[in-house]
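The values are calculated or read from the model by the stated rules, or taken from the named source; none is laboratory data. This is a predicted model, so every value here is computed, not measured. Cβ atoms come from the backbone with ideal geometry, glycine included; neighbour counts cover every protein chain shown. Ligands, DNA and RNA are stripped out before the accessible areas are found, and what is left, the full protein with its side chains, is counted by its heavy atoms. Shrake-Rupley method; radii C 1.70, N 1.55, O 1.52, S 1.80 Å.
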Amino acid sequence: MSHRHVRSLGFEAPGVPFFAGYDEGPPPPWELRIDTLYSGFSAGTELTFMKGTNPYLHSRWDEGRRGFIAGEAGMHYPVPFVGYMEVGRVSEGEARGVPTGSVVAGAWGHKSGHTIDPGRDRFFPLPPSIDPILGIYVGQMGPIAANGILYADHELVGRDCTRLGASLAGRPVLVFGAGVVGFFTALFAQAAGASEVVIADPSPFRRLRAETLGLLAMTEDEAIDHAKARWKGADLVFQTRASGESLHNAMKALRPHGTVIDLAFYQGGADAVRLGEEFHHNWLSIRCAQIGRVPRGMEQLWDHERLGRETIALLESRGAEIRQQLITHVVPFDDAPGFLRTLVAERPEFIQVVFAYE
């Protein structure tokens, strides 16, 4: 066992990504020392630190009150640790029967290494059948989408649902947003046996990737027309775009008493959401499906660990396609700050950016 220096990608100020670092001593024998292989960049969350729009930079979350306190920033620059899509190899330790050399997934940030305390940290050993780069989706991103599916099950089947996506079998499904969350939501719906899966996004680049995965890809206006003409309106719509206009369009696609399952992270206002229109006249519902909790009453059957296992099952069946169609950029970790500056300045087409550490 030895000391090592860990490098971390963060944001020194708005628009200024940088590397921070710290020294780490030898781990105790019951912990797992991880050498990071890959980390996935979450454009929806992490670019809010790049742009300075994250709500924690302007307000403080009060856990006791379950609300934000305006004018009291909960986070300040520099922000040395961001990220929640990581996979690495065990270099020291052997906890819970996970031997040295095993590949494990988790959420420890864009860091060159990490030490896992099995009694405190959530992690998932990956089966050899899964390409290690796909492990970035297991700790958090896949469970985010799976939890959205679970909220649909709660809405349409009830809290005793034991199979992910049971409510979607034989039912047409509409997903707004062809980002990573939208794609995984659509793929889970396909796996559940949905009769038809439509994904709506303004980007022709992303729509083409969707079609390659066997999805029907449309603009939002086209998807609304399709749902109304073919289905008499959707029973539910999964909304994954951080756009008030998309949330309003999702409501327009619903039939009376329909539900928006909302997985988006909105950082600004939502002026485009007009609650006096379809929401009011069609008796609609909006359900927040944020990953922090499974639906009420389902805690005995479902948790984050189970959602992670559902993600592993999806990767075992569709991994090669997901690797080819969703991971659009693999960037050496050393080049990450420069790449992020280019990403914001030039806005190239992308879906998933991955930082490679080896």
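Observations on the structure shown:
- Surface accessible to a 1.4 Å probe, R287 within the full protein complex, Å²: 60
- Segments 243-253, 26-36, 12-22 sorted - mean Cβ within 10 Å per residue, highest first: 243-253, 26-36, 12-22
- For the set L275, L236, solvent exposure ranked by accessible area (probe 1.4 Å, protein chains only) runs largest to smallest as L275, L236.
- Dividing the mean sequence gap of close Cα pairs (under 8 Å, 6+ apart) by how many residues the stretch 62-185 holds gives a relative contact order of 19 percent.
- Rg and Dmax of the stretch 175-326, both derived from C-alpha coordinates alone, stand at 15.5, 45 Å.
- For the stretch 1-46, size of Cβ-based charge dipole, Lys and Arg +1, Asp and Glu -1, in debye: 80
- Y38, Y137, ranked by accessible area, largest first (probe 1.4 Å): Y38, Y137
- Beta bridge orientation in the chain: antiparallel %, DSSP, nearest 5: 60
- Full extension of the chain segment joining T328 with F19 gains 108.9 nm, where the gain is 0.36 nm per residue of separation less the Cα-Cα distance.
- For the stretch 129-248, the calculated P(r) over all alpha carbon pairs, in 10 Å bins from 0 to the bin holding the longest distance, is 14, 45, 34, 7, 0 percent.
- L187, L216, ranked by accessible area, largest first (probe 1.4 Å): L216, L187
- Taking every alpha-carbon pair within the stretch 253-343, the share separated by more than 14 Å comes to 80 percent.
- In the chain, the DSSP-assigned H stretches of four residues or longer account for a calculated mean residue ellipticity at 222 nm of -9000 deg cm²/dmol, using -39500 (n - 2.57) per stretch and the full residue count as denominator.
- Shape analysis of the stretch 54-118 based on the Cα gyration tensor places the equivalent ellipsoid semi-axes at 34, 14, 8 Å, largest first.
- Built amide H within the under 5 Å cut-off of L37, gap 5+: V87, G88, R89
- In this simple spin-label approximation, K51 and V157 carry label points 7 Å from Cα along the Cα→Cβ vector, and these lie 3.6 nm apart.
- Considering only G179, G158, G64, the Gaussian network model of the chain with Cα springs below 10 Å gives its largest mean-square fluctuation to G64.
- Which label in (i) -0.28, -0.46; (ii) -0.30, -0.51; (iii) -0.53, -0.73 gives the computed log10 I(q)/I(0) by the Debye sum over Cα atoms at q = 0.07, 0.09 Å⁻¹: (ii)
- For K111, a cut-off of 18 angstrom between C-alpha atoms picks up these aspartates and glutamates, skipping any fewer than 8 places away in its own chain: E12, D23, E24, E31, D35, E46, E86, E92, D121, D334, D335, E358.
- Lysines whose Cα lies under 24 Å from that of K252, excluding same-chain neighbours fewer than 8 positions away: K228, K232
- Under 5 Å between amide hydrogens, built in the peptide plane, is the criterion, and for G158 it picks out nothing among residues at least 5 positions away or on other chains.
- Ordering 100-111, 342-353 by mean Cβ neighbour count within 10 Å, with the highest value first, yields 100-111, 342-353.
- Normalised contact order of the stretch 1-128, rounded percent, pairs of Cα under 8 Å and 6 or more residues apart: 31
- Cα pair distances in the stretch 47-196, grouped into 5 Å bins until the bin that holds the longest one, percent each: 2, 8, 13, 13, 14, 16, 16, 12, 6, 1
- Accessible surface of T45, taken over heavy atoms with a 1.4 Å probe and every protein chain present, rounds to 40 Å².
- The stretch 173-233 shape via C-alpha gyration tensor axes, a/c threshold 1.5: oblate
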